[in-house]
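Quick notes on the structure that follows.
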Amino acid sequence: RKKVRLVAQRRKSISTASSNATKRQSKTMKRRDAEEVKAVIGSSNVFADLGLENPDELLVKADLAHAINTEIRSRGWAQAEVVKRTGLTQSDVSKIGRMKTDGFSQERLQKVLIQLGVDVEIRLHHREDGQTGTLRVLETA
């Protein structure tokens, strides 16, 4: 009986502590909401905004992984089916599904899209403003 009471008391104290923490967090959030928040308009590349190295390449890889995930979801395929159709490992399919693109080259992600029956086109054009060129993925229906 003592054990049962101790367990019940422990559960009650944990529940109370959790409830109190939630209340404190709620008050803290209210204070933060009341503070003035400064918004900064970023570029169209979050990786550049974060100051990461090779932001255009990171964005392209993210866009390609997103396109792969969209294609897989639209077909309703499980990871096992993707493995069979693309030759990727289950681990690689999982990484792409979680948008973890380090360890994948652009070319490899493009090949996966091709294996999924998606045409990948590369278009080159000169910038009229004379600025440095960009690298990006344009999705078309």
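The values are calculated or read from the model by the stated rules, or taken from the named source; none is laboratory data. Model, not experiment: these values are computed from the prediction. Neighbour counts run over all protein chains shown; Cβ positions are idealised from the backbone, glycine included. Heads up: the accessible areas ignore ligands, DNA and RNA and are worked out on the full protein's heavy atoms, side chains in. Shrake-Rupley method; radii C 1.70, N 1.55, O 1.52, S 1.80 Å.
So, counting K/R as plus one and D/E as minus one, what does the shell of residues with Cβ under 14 Å around I114 add up to?
Surrounding charge for I114 is -1.
Would you please name the trypsin sites (Lys or Arg not before Pro) within the stretch 46-140 that are DSSP coil residues with at most 14 other C-beta atoms within 10 Å of their C-beta? Don't jump to the answer; show the numbers that get you there.
Numbers: sites: K61, R73, R75, K84, R85, K95, R98, K100, R108, K111, R123, R127, R136; in loops: R98, K100, R123, R127, R136.
When the trypsin sites (Lys or Arg not before Pro) of the stretch 46-140 are filtered for loop state and at most 14 Cβ neighbours within 10 Å, R98, K100, R123, R127, R136 remain.
Taking the stretch 38-141, which GluC sites (Glu not before Pro) meet the DSSP loop condition and have no more than 13 other C-beta atoms within 10 Å? All intermediate terms of the calculation are to be shown ahead of the outcome.
Values: sites: E53, E57, E71, E81, E107, E121, E128, E139; in loops: E53, E121, E128, E139.
Sparse-neighbourhood loop GluC sites (Glu not before Pro): E53, E121, E128, E139.
Using 7 Å Cα-to-Cβ label points, what is the E107/D119 separation (nm, one decimal)?
Simple spin-label model gives 2.3 nm for this pair.
For the stretch 30-125, give the percent of accessible area contributed by carbon and sulfur heavy atoms, probe 1.4 Å, rounded to a whole number. Numbers along the way, then the final one.
Numbers: 3530 of 7020 Å².
Within the stretch 30-125, the accessible surface is 50 percent carbon and sulfur.
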